[in-house]
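Worksheet: the structure to be examined is printed underneath.
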Amino acid sequence: RKEVEQDPGPFNVPEGATVAFNCTYSNSASQSFFWYRQDCRKEPKLLMSVYSSGNEDGRFTAQLNRASQYISLLIRDSKLSDSATYLCVVNFGSGTYKYIFGTGTRLKVLA
Amino acid sequence: DTAVSQTPKYLVTQMGNDKSIKCEQNLGHDTMYWYKQDSKKFLKIMFSYNNKELIINETVPNRFSPKSPDKAHLNLHINSLELGDSAVYFCASSQDRVLSGNTIYFGEGSWLTVV
């Protein structure tokens, strides 16, 4: 099993749609979770951290399910500008510096 | 006032050459990283330094040698370049330990093409 797994997509959705991505991780001792966004030919940038109780930032909602070892990202009211690759990031193990990135899920929002 | 800056941004070189990529961060962070993103877009950690000390060294060929003269700089030197080294190399930094859930900040990437 890969350390961090994501569906590569692409997810093609119309503007205004709601779309959700999941990401599974293999190490139950992982402590920190994030969603990053990467635009074409750009560096990854933090979209949001994922907290145990779930958290929301505008149209974006992140959830953590420790029992099933996955995190999710929900995007409501999709905009054209949301088109990007969304990377799931997990720290590998407890108390380590090792951030493991998923392969990313590509989202295309269509007009 | 770029937070994490790396040079060069583009590098085309022949097989067998030796090249270096430089990275500097002005965020005052303690930890710096080198990541490699290959043609399949998979972002994989190569090295990590904390206060100039090597703390992560993944399964990377010995031809790759990081150097951290101070905690604000982490350079990557690559000897005897091979075609398979073609990738985007991202430098990154974070404040401190992952326990704090610290954000990683990336440089813009260095596009290396080996011909």
Inset, instruction - Please enumerate the residues belonging to segment A:32-52 that are surrounded by fewer than 18 Cβ atoms within 10 Å (Cβ to Cβ) and more than 11 Å from B:Asn102 (Cα to Cα). - result: A:Asp39, A:Cys40, A:Arg41, A:Lys42, A:Lys45, A:Tyr51, A:Ser52
Legend entry - Index of the failed condition, B:Met15 passing every other in (1) farther than 27 Å from A:Thr105 by Cα; (2) surrounded by 16 or more Cβ atoms within 10 Å (Cβ to Cβ): (2)
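Of the residues A:Ala29, A:Ala17, A:Ala62, only one is assigned to a loop (DSSP other than H, G, I, E, B), away from chain B (no Cβ under 12 Å) and not aromatic (Phe, Trp, Tyr); which? So that I can check it myself, show each step before the final result.
Working: A:Ala29 fails: away from chain B (no Cβ under 12 Å); A:Ala62 fails: assigned to a loop (DSSP other than H, G, I, E, B).
The conditions single out A:Ala17.
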Inset, instruction - Could you list all residues from segment A:39-49 that are over 17 Å from A:Ser72 (Cα atoms) and part of a strand (DSSP E or B)? - result: A:Lys45
Inset, instruction - From (1) in a loop (DSSP other than H, G, I, E, B); (2) touching a residue at least 40 places away in the same chain (Cβ under 8 Å), pick out the condition that doesn't hold for B:Thr103. - result: (2)
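The rows are residues; the columns are (1) over 19 Å from A:Gly102 (Cβ atoms); (2) within 8 Å of chain A (Cβ to nearest Cβ); (3) of a type in the set (Gly, Ala, Ser); (4) in contact (Cβ under 8 Å) with a residue 60 or more places away in the chain.
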{"position": "B:Asn26", "(1), (2), (3), (4)": "yes, no, no, no"}
{"position": "B:Met32", "(1), (2), (3), (4)": "yes, no, no, yes"}
{"position": "B:Leu43", "(1), (2), (3), (4)": "no, yes, no, no"}
{"position": "B:Lys71", "(1), (2), (3), (4)": "yes, no, no, no"}
{"position": "B:Gly107", "(1), (2), (3), (4)": "yes, yes, yes, yes"}
{"position": "B:Trp111", "(1), (2), (3), (4)": "yes, no, no, yes"}
Inset, instruction - Please indicate, with yes or no, whether at least one residue in segment B:49-62 is away from chain A (no Cβ under 11 Å) and in contact with a Leu (Cβ under 8 Å, 6 or more places away or on another chain). - result: no
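Read-outs throughout are calculated quantities, based only on the coordinates presented, and are distinct from any laboratory measurement. All of these numbers come straight from a predicted model, not from anything done at the bench. Here Cβ is always computed from backbone atoms with ideal geometry, including for glycine, and neighbour counts include all displayed protein chains.
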